[in-house]
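Below is one structure; the comments refer to it alone.
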Amino acid sequence: MASLDILLQNVANGVLMGGVYALIGIGLTLVFGVMRTINFAHGDFVVLGMYSAVLFNALLGWDPYLSLLLAMPIGFFAGVIVERFILSRVIDAPPESALLATLGLSLIIGNTILLTFGGEPRSVQVSYASSTFSIAGVNVSMVLLLAGIATVIMIAALYALLNRTEVGRAIRGTAENRLGAELVGIDTRRIHSIVFGLGVMLAVMAGVTLIPLLFATPTNTGAVFTLKAFVVTVLGGLGNVGAAIAGGILLGVVEVLGASYFMSEYREAYGLIAFLLILLFRPEGLFGRTIKRV
Amino acid sequence: MTKHLIGLGVLLAVGIAYPAILPNNLTIAISVLLFAGWATSWDLLGGWNGQVSLGHASFVGLGAYFVAIGQSQFGLAPWWTVAMAAVFAAVLGYFWGQLTFSLRGPYFSLSTIAVAEILRLIAINEEWLSGGATGVFIATLPEPFGIDLFSRTAQFYMALAFAAVVIATVIVISRARFGYQLRAVREDEDSAMAAGIDPTVTKLKAFMLSAALTSIGGGIYGIVLAFIEPHVIFSLLLSVQIALTAIIGGRGTIWGPAVGALVLVGAGEMFRTTFAEANMLIYGILILVVVLFVPRGIVGELSRRHIRRLYAKRAQG
């Protein structure tokens, strides 16, 4: 039936889009799980990724996936620097201070991009931008498919890092109990820097993979992505990486279905409403185990 | 308290004389006064009560839309619509608060963003309610006592009255029982409950008062702009500006938010010439500076040092 095809197509697109949302959400939830900090600037790092892809494309003619090779390390080190010099000082202050510090960061990043690139929406044209790929008779956007594949690879790499390496063990230990981790000899300050760097790297990666699909405006897009990242992490439960994946996919599907079958202008609102409902009735997230204390 | 009231009186006197002294700088003065009023109203909830709201632009927008639609579609004069807006804002604050006060700290702030965004989307999409994304234009306004409400001077006095009323409200509250209740809930909700204060009721009252006052300023802002667009007036950026103005100036103090307004609007203007739209950069830099080095805000730090000096003098005998 035609409508079943369309439904499958919508769901497929929603799932793939959700994968990228998950990538953004994982960065946020990782940072929260280890540092107990809600990073308001997360979406702006995504935008930073988008603009770096724009820059490399404009200057060097690189395809976004090629830019990833440069953008990801840069993102990681940028995160480390930010953590070292700014966040490490507010980590023990009341949680609002970290929130406000990241808010300030968000404004600084957004406006610096605005100053450098100007206010017009930018994107990157790729040759495969409008081509689709057929899986089992369902048409899937090529860009989204590539993004989905990249996301899966990244998540697998993260899983390996967290569960199969010493650094990963140290990260998990710090997330569970910072004092305890220090007592067994983990340098938590270094771990914080690494984790924040990872979070920024993931955000940048999401931005680079998304730019062929979307337009980026320096100041607005950042807040939009930050909000989406919050929705994803709260849906899954802050601090829970696996659940963030589920949350991301859920958000992607909810948005696509809501926009197709209900009023499409309220596309953004569906995620927000789900977010509010979860915050109110199940604040530990759909899969979370901790309670809503911060 | 008398000291503060005298200070307010002095400021009022300066304000009344201002249009005669600097008639060409009225628009920026209006900005300073509106932000001072909004930030001080915000501070009732965010500083005195400790609940950081990042959705206050919703109330500004409410006030502006009530005035605009009331005037253009129903021919209602602004003083009626502003009063209606204030009541509506208080009611909205009540339900909003009921919805979100079970959340603590950053979760509350996140929820305020979400609610504000939903309101913004409603304003953009529900044409029958708000004129949709194209906005509403105020073409004519009544002339009370023959005063032209479109003139910058009249708007300046309205903004001055607004800021003065809000600051006076805070001065009175600071010495009233309500003020102590607010601060008790901010410092430690559980202890406040042990002392017989109902934190939820206190927070709701703060939210409703803050919302109503902000919306009055929003109505005046609507008259100043004369053309209201949803994405301008319900913007997250405006909410952030209001919150940051209060925080940088000094949360929980009487004059802090007003000082913040002076500093930020002034700095913003200076930066606007160099950076055009990126003048929010200064907000970002300042908030980082405040969080890292001046956590109590400008007025907060100054008053803390003043108190310490007084204490040291007294301790010396």
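The values are calculated or read from the model by the stated rules, or taken from the named source; none is laboratory data. Remember, predicted model here, so these are calculated numbers, not experimental data. A quick note on method: Cβ atoms are made from the backbone with ideal geometry, for glycine too, and the neighbour counts reach across all protein chains shown. Calculation scope for accessible area: heavy atoms of the full protein, side chains included, ligands and nucleic acids excluded. Shrake-Rupley method; radii C 1.70, N 1.55, O 1.52, S 1.80 Å.
How many of the residues making up the stretch B:169-193 are open to solvent by less than 30 Å² (accessible area, probe 1.4 Å) and either touching a helix residue (DSSP H, G or I) at 6+ places or on another chain (Cβ under 7 Å) or closer than 25 Å to B:LEU225 by Cβ (or both)?
7
On the given criteria, is A:PHE32 within 13 Å of another protein chain (Cβ to nearest Cβ), aromatic (Phe, Trp, Tyr) and either open to solvent by less than 10 Å² (accessible area, probe 1.4 Å) or in a helix (DSSP H, G or I) (or both)?
yes
Taking the stated definitions as given, is A:VAL140 modelled with pLDDT under 80, assigned to a loop (DSSP other than H, G, I, E, B) and not small (Gly, Ala, Ser)?
no
In this structure, does B:ALA90 turn out to be at the interface with chain A (Cβ under 10 Å from one of its Cβ atoms) and either closer than 29 Å to B:VAL165 by Cα or part of a helix (DSSP H, G or I) (or both)?
no
When only residues in the stretch B:104-151 that are outside any helix (DSSP H, G or I), within 11 Å of chain A (Cβ to nearest Cβ) and over 17 Å from A:LEU227 (Cα atoms) count, which is modelled with the highest pLDDT?
The selected residue is B:GLU126.
Please go through the stretch B:206-240 and give me each residue that is in contact with a Leu (Cβ under 8 Å, 6 or more places away or on another chain), modelled with pLDDT under 90 and farther than 27 Å from B:THR140 by Cβ, ordered by number.
B:LEU236, B:VAL240
Filter the stretch A:35-56 down to the residues that are modelled with pLDDT of 85 or more and closer than 28 Å to A:ILE91 by Cα and list them by number.
Residues satisfying the conditions are A:ASN39, A:PHE40, A:ALA41, A:HIS42, A:GLY43, A:ASP44, A:PHE45, A:VAL46, A:VAL47, A:LEU48, A:GLY49.
Is one or more of the residues making up the stretch B:297-307 out of contact with any helix residue (DSSP H, G or I) (no Cβ under 6 Å at 6 or more places or on another chain) and basic (Lys, Arg)?
Within the stretch B:297-307, one or more residues are out of contact with any helix residue (DSSP H, G or I) (no Cβ under 6 Å at 6 or more places or on another chain) and basic (Lys, Arg).
Just to be sure, is A:VAL82 part of a helix (DSSP H, G or I), at pLDDT 80 or above and within 14 Å of chain B (Cβ to nearest Cβ)?
yes
Can you find a residue that is outside any helix (DSSP H, G or I), open to solvent by 30 Å² or more (accessible area, probe 1.4 Å) and in contact (Cβ under 8 Å) with a residue 12 or more places away in the chain anywhere in the stretch A:12-29?
no
Give, as residue ranges, the helices (runs of 4 or more DSSP H) completely inside the stretch A:155-234 that count at least 1 residues that are more than 14 Å from chain B (Cβ to nearest Cβ), farther than 25 Å from A:LEU48 by Cβ and of a type in the set (Lys, Arg).
Those helices (runs of 4 or more DSSP H) span A:166-176, A:178-183.
Looking at the stretch B:211-231, is at least one residue surrounded by fewer than 22 Cβ atoms within 10 Å (Cβ to Cβ) and under 14 Å from B:SER58 (Cβ atoms)?
Scanning the stretch B:211-231 turns up at least one residue that is surrounded by fewer than 22 Cβ atoms within 10 Å (Cβ to Cβ) and under 14 Å from B:SER58 (Cβ atoms).
Quick one: would you say B:GLY97 is within 14 Å of chain A (Cβ to nearest Cβ), open to solvent by less than 60 Å² (accessible area, probe 1.4 Å), modelled with pLDDT of 75 or more and touching a Lys or Arg at 6+ places or on another chain (Cβ under 9 Å)?
When the stated conditions are applied, B:GLY97 passes them.
Being in contact with a Leu (Cβ under 6 Å, 6 or more places away or on another chain) and outside any loop (DSSP other than H, G, I, E, B): is that true of B:LEU160 here?
Taking the combined requirement at face value, the residue satisfies it.
Within the stretch B:296-306, can one find any residue that is surrounded by 13 or more Cβ atoms within 10 Å (Cβ to Cβ), within 14 Å of chain A (Cβ to nearest Cβ), at pLDDT 85 or above and within 17 Å of A:SER106 (Cα to Cα)?
No, the conditions are met nowhere in the stretch B:296-306.
Has the stretch A:237-252 got at least one residue that is open to solvent by 40 Å² or more (accessible area, probe 1.4 Å), facing chain B (nearest Cβ under 10 Å), modelled with pLDDT under 75 and out of contact with any strand residue (DSSP E or B) (no Cβ under 9 Å at 6 or more places or on another chain)?
Looking through the stretch A:237-252, none of the residues is open to solvent by 40 Å² or more (accessible area, probe 1.4 Å), facing chain B (nearest Cβ under 10 Å), modelled with pLDDT under 75 and out of contact with any strand residue (DSSP E or B) (no Cβ under 9 Å at 6 or more places or on another chain).
Which of the residues belonging to the stretch B:242-253 are facing chain A (nearest Cβ under 10 Å) and open to solvent by 10 Å² or more (accessible area, probe 1.4 Å)?
Correct list: B:ARG251 only.
Name the pairs: first residue in the stretch B:282-295 and within 7 Å of chain A (Cβ to nearest Cβ) and open to solvent by 40 Å² or more (accessible area, probe 1.4 Å), second residue in a helix (DSSP H, G or I) and of a type in the set (Ser, Thr, Tyr), Cβ to Cβ under 9 Å, at least 6 apart or on different chains?
Close Cβ pairs satisfying both conditions: B:LEU292/A:SER97; B:PRO295/A:SER97.
Does the stretch B:266-276 include one or more residues that are in a loop (DSSP other than H, G, I, E, B) and either more than 14 Å from every other protein chain (Cβ to nearest Cβ) or among the hydroxyl-bearing types (Ser, Thr, Tyr) (or both)?
The answer is no; no qualifying residue exists.
Pick from the stretch B:58-78 the residues that are free of Cβ contacts under 8 Å to residues at least 40 places away in the same chain and open to solvent by 10 Å² or more (accessible area, probe 1.4 Å): which of them is nearest to the other protein chains (Cβ to nearest Cβ)?
Residue satisfying both the conditions and the ranking: B:GLN73.
Collect the residues in the stretch A:29-56 that are under 22 Å from A:GLY118 (Cβ atoms) and touching a Ser or Thr at 6+ places or on another chain (Cβ under 7 Å), keeping them in residue-number order.
A:ALA41, A:GLY43, A:ASP44, A:VAL47, A:SER52, A:ALA53, A:PHE56
Name the residues in the stretch A:85-111 that are open to solvent by 30 Å² or more (accessible area, probe 1.4 Å), in contact (Cβ under 8 Å) with a residue 24 or more places away in the chain and in a helix (DSSP H, G or I), would you?
Once the filter is applied, which keeps residues that are open to solvent by 30 Å² or more (accessible area, probe 1.4 Å), in contact (Cβ under 8 Å) with a residue 24 or more places away in the chain and in a helix (DSSP H, G or I), the stretch A:85-111 yields A:SER88, A:PRO95.
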